[in-house]
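Step one of this worksheet: look at the structure below.
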Amino acid sequence: MKALIDALGPLWGSLAGIGLSLVYMVVVLLTVAFILWFDRKVWAAVQMRKGPNMVGPVGILQSFADFIKFVLKEIVVPSGANKTIFVIAPIITVVTSFLTWAVLPVAPGWVLSDMNVGILYILAVSSLGVYGIIMGGWASNSKYPFLGALRSAAQMVSYEVSIGFVIVCVLLVVGSLNLTDIVNHQKAGIWDWNAFAFIGALMHGGSPAKMGMAFVVGLVLFAMSIVFFISALAETNRPPFDLPEAESELVAGYQVEYSATLYLLFMMGEYVNIVFMCAMISILFLGGWNLPWGEVTNPFLGFLVLYVKIWAMFFMFAMVKAIVPRYRYDQLMRIGWKIFLPTTLVCVAIVGAYVAFFGGNA
Amino acid sequence: MLQIAAFYILAAVALISAIMVVSAKNPVHSVMFLITIFVTTSGLFVLAGAEYLAMLLIVVYVGAVAVLFLFVVMMLDIDFVELKQGFMRYAPFGGLVALVLFAMFVLVASAVVEAKVDPHVLASPTPALDVANNTQAIGRILYTDYILFFQLAGMVLFVAMIGAIVLTLRHKPHVKRQNVGKQVARTRKTGVENTKPKIGEGVTL
């Protein structure tokens, strides 16, 4: 954005920046539309059903039909609800879920805002997302949404902690808070991707002590990638951690009273977050836009590679939804606080010790 | 030009929200406006070139502290009439606090404080931006010169946390808790027992 303003002057530069943001949003929304269809198709295939198959070839336009249905329905505001906050809550969810995309580099050189503190920005904005849920639950003026909101807010806050520590591990190894730097650190090929760096450590050689430590740190990062994946499931309220909704045993949590467009906004925000988490896993652990056998410098190819990785990660999300039974709430809290938090803390200490004694850039 | 516009918009929103925090009727709305202040203030930090502080302000205050505020305020059973009656009683005290704070602002703004401090006495002057970005600058100061205070602050928070847990922890007898390790370790041998009770006799469990 700053480069645009420097090149085109303040007026046209900021207009071009706004245009670019709109392009980002449209691409993300289209991705969400097709990924929703893909989600339902995978789920159906696992259960030997057909899934959506009426609108368009193999039902591929189902999400657009759903969109029209949601928009045309009536918005019901319950009596006694706090009207302003009731309407603002889903908007906050959707806005914060889009805001995080601003610092996400999607290809070499393609990023809206190449911030030095990109990761911190992501943590900050995604911690705002919880307000949409709390406000929505409270403004509905009904006990079920309120209890549901408390439940899901507690869940999101708990898993943010372990996500933060996992990210700290990656940051320590890479030595930068900038997402582009994190991707460039993994450009040498699949064995240098953070998730598989333990094999790369053995291939690079060096003194036995350093090689051994690098191997251990690589293993830690591999474990961290799994912890991040599970925490991402919990953070985005995906099954098996979809306690806020749990549509087969509870009412729909904080969104009980929502209908039509407002409900659509909640769901859209959720799916935009899911796609974002898939992109984050690809960037932090799976080499971003780099191919398994080497670096990519062409932005178009890079975007394609990252896009394929996002879909592959989402396929994992969809399979987890299809095959894993839902957790009980106390088990969810147990995993978050008693297993992930201590594990990630120890891992931060290990990675920190490695960086302190053998220097950065593992 | 853009920066000036952004500054005035953010500052105006922050000031208006600050007034709304004290004048809003519903405490939940007050907390919402407080969150608006935090967000706009972090915007002002970004404008001042302190992007690390800005992000930290949102992560810590908006992401954690204000969520707890909101939890507590939402759970309260509030009587608005009673709330209004207390206003005049506490008004002088609030006014006094506001006056002291305002005096401090004026002192800083008119540089009375700064003029009397010898610049060499200042422990750590802010390094230039091209020497270290502000994440590094804060890290260097925090983990070298101020490490003792940093650790002490951490200890104080830790003690407070343990205190809160000790005060609220209650062990209820006769509550069955899940022992995941025990459940996972269960095998057919430990879980199933075959008996052949005679007719007319039962099984003692």
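Before moving on, here are some points about what is shown:
- Rounded Å value of the spacing that divides the Cα centres of the stretch B:9-51 and the stretch A:304-356: 34 Å
- Separation between Cα centres of the stretch A:236-263 and the stretch A:1-65, rounded to whole Å: 23 Å
- Shape category assigned to the stretch B:13-61 from the gyration tensor of Cα positions, a/c cut at 1.5: oblate
- Over chain A, relative contact order from alpha-carbon pairs under 8 Å, at least 6 apart, %: 23 percent
- Quarter of Cα convex hull surface for the stretch A:116-174, i.e. mean projection, nm²: 4.0 nm²
- For the segment A:108-118, counting C-beta atoms of other chains within 10 Å of every residue's C-beta and taking the mean gives 2.
- Take each residue of peptide B:49-61, count the partner chain Cβ atoms within 10 Å of its Cβ, and average: the result is 4.
- Dividing the helix sum by the residues of chain A, where each DSSP H run of 4 or more adds -39500 (n - 2.57), gives a mean residue ellipticity at 222 nm of -23000 deg cm²/dmol.
- Overall, chain A carries a charge dipole of about 540 debye about its Cα centre when +1 sits on the Cβ of Lys and Arg and -1 on the Cβ of Asp and Glu, all other atoms neutral.
- Global geometry of the stretch A:227-344, whether rounded, prolate or oblate, following the gyration tensor of its Cα atoms and the 1.5 cut on a/c: oblate
- Here r is the Cβ-Cβ distance between B:L15 and A:I226 and R0 is 56 Å; the resulting FRET efficiency, rounded to 0.05, is 0.75.
- Sequence ranges A:289-301, B:48-60, ranked by mean other-Cβ count within 10 angstrom, highest first: B:48-60, A:289-301
- Charge dipole of the stretch A:34-94 (Cα centre as origin; +1 on each Lys and Arg Cβ, -1 on each Asp and Glu Cβ, all else neutral): 160 debye, rounded to the nearest 20.
- Peptide B:25-34 shows a mean partner chain C-beta count of 2 within 10 Å per residue C-beta.
- Per-residue packing, averaged as other Cβ atoms within 10 Å, sorts the ranges A:231-237, B:6-12, B:194-200 into the order A:231-237, B:6-12, B:194-200, beginning with the highest.
Throughout, read-outs are computed from the coordinates displayed, never taken from laboratory work. Owing to the predicted nature of the structure, the values given are computational and were not obtained by experimental measurement. Cβ sites come from the backbone with ideal geometry, for glycine too, and all protein chains shown count toward neighbours.
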